[in-house]
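Accompanying notes for the structure given below.
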Amino acid sequence: MINTIDPEKDVDGFHPVNVGKMVQGAGGFISATPHGIMLLLEHYHIETKGKHAVVIGRSNIVGRPMSILLSSNTEPGNCTVTICHSKTKNLKELCLQADIIVAALGKPEFLTAEMVKDGAVIVDVGITRVPDSSKKSGFRIKGDVHFEAVAPKSSWITPVPGGVGPMTIAALMKNTFYSCQQRNS
Ligand SMILES: NC(=O)c1ccc[n+]([C@@H]2O[C@H](COP(=O)([O-])OP(=O)(O)OC[C@H]3O[C@@H](n4cnc5c(N)ncnc54)[C@H](OP(=O)(O)O)[C@@H]3O)[C@@H](O)[C@H]2O)c1
C-alpha cells in the first residue's frame, strides 16, 4: 500500500523513495515523529555532536529513522548511536552509557531511574492507554519513561502527553506545507 503513495505527497515519509533519501541525507519527507524530535533537539540547542545516543525500538516509523537521523552528519546529529530492540541483551548497561535516550518501545514506564545516568537527555516517544477509573474516558496516557523518577536525574526530558506527540503533528504539518509548496512552484 505504501508503494502506491505518490512520493511527492508522502508527508508521513514512509515511501521507500523518501526513506532512501533520508538515509542518504538527500532531502525528501522525513517520518513525522523522528523529524519532530530532531526539531525539538534543534530548538532547545541540545548538544548532540559526539554524544552516545541509545534508541530503544527499531520500528520503521520511529526507532530506525531516529537512529539514522541522530547518526547523520548534521546539526543536530553526529551522535554515536546504539539501536536496541526486544532481543537486546544488557539494555540497562547500554542505557547507563547513554547521553541521550530515545524510548520508543510502547511499554509504559519501562525506562526507570536505575537505567539512566545523571544529566542524560530523555526523549519519550511512547503513548499507551492505561486504565484509570478516575478519568471520564476510563484511561490515561502513559509514556515509556517513568517520568517522576527519571526527571530529577535528567538534564532534559519530554513529558507525555505534551512532548513528542505535538511535535509529530507539527512535523506532519511542516511536511504537508512543504509538499504543497513544491507542487505549486
Ligand atoms: N508520540 C508520537 O507521536 C508517537 C508516534 C509514533 C509512535 N508512538 C508510540 O511510540 C511507541 C513505539 O511505537 P512504534 O510504532 O515504534 O512501535 P512498534 O512498531 O511496536 O515497535 C516497538 C519496538 O520496540 C521494541 N521493543 C519492544 N519491547 C522491548 C523491550 N522490552 N526492550 C527493548 N525493545 C523492545 C520492539 O522490538 P522488536 O523489533 O524486537 O519487536 C520494536 O522494535 C508506541 O507507544 C507508540 O504508540 C508515539
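The values are calculated or read from the model by the stated rules, or taken from the named source; none is laboratory data. Nothing here was measured: the structure is a model prediction, and the numbers come from that model. Please note: Cβ atoms are built from the backbone with ideal geometry, for glycine as well, and neighbour counts cover all protein chains shown.
Some notes on this structure:
- When residues of the stretch 129-163 are limited to those that are buried (at least 19 other Cβ atoms within 10 Å of the Cβ) and touching a helix residue (DSSP H, G or I) at 6+ places or on another chain (Cβ under 6 Å), the one farthest from Met115 (Cα to Cα): Thr158
- In the stretch 52-64 there is at least one residue matching the filter, namely being outside any strand (DSSP E or B), near the ligand (Cβ under 9 Å from one of its atoms) and of a type in the set (Val, Ile, Thr).
- Residue in the stretch 63-105 that is farthest from the chain's Cα centre (by Cα), counting only those that are aliphatic (A, V, I, L, M), surrounded by fewer than 23 Cβ atoms within 10 Å (Cβ to Cβ) and farther than 22 Å from His146 by Cβ: Val81
- Among the residues of the stretch 146-163, at least one is of a type outside the set (Ser, Thr, Tyr), within 27 Å of Asn18 (Cα to Cα), at pLDDT 95 or above and touching a strand residue (DSSP E or B) at 6+ places or on another chain (Cβ under 7 Å).
- Gly126 vs. criteria surrounded by 22 or more Cβ atoms within 10 Å (Cβ to Cβ), touching an Asp or Glu at 6+ places or on another chain (Cβ under 6 Å) and closer than 19 Å to Lys142 by Cα: yes
- Listed by first and then second residue, the pairs linking a residue in the stretch 72-88 that is within 13 Å of His52 (Cα to Cα) to a residue that is of a type in the set (D, E, K, R) and assigned to a loop (DSSP other than H, G, I, E, B), with Cβ atoms under 6 Å apart and 6 or more places separating them unless they lie on different chains, are Asn78/Lys49; Cys79/Lys51; Ile83/Arg58.
- Note on the stretch 65-97: residues that are closer than 17 Å to Met115 by Cβ, assigned to a helix (DSSP H, G or I) and away from the ligand (no atom under 14 Å from the Cβ) amount to 1.
- Yes/no for Thr48 being outside any loop (DSSP other than H, G, I, E, B), buried (at least 19 other Cβ atoms within 10 Å of the Cβ) and of a type in the set (Ser, Thr, Tyr): no
- Subset of the stretch 123-169 that is polar (S, T, N, Q) and within 20 Å of the chain's Cα centre (by Cα) - its residue that is nearest to the ligand (Cβ to nearest atom): Thr168
- Selection from the stretch 30-45 of residues that are away from the ligand (no atom under 13 Å from the Cβ) and assigned to a helix (DSSP H, G or I): Met38, Leu41, Glu42, His43
- Selection within the stretch 12-29 - in a helix (DSSP H, G or I), in contact (Cβ under 8 Å) with a residue 12 or more places away in the chain and not aliphatic (A, V, I, L, M): Pro16, Asn18
- Listing of strands (runs of 3 or more DSSP E) fully contained in the stretch 113-185 that carry 3 or more residues being under 18 Å from Met38 (Cα atoms): 121-124
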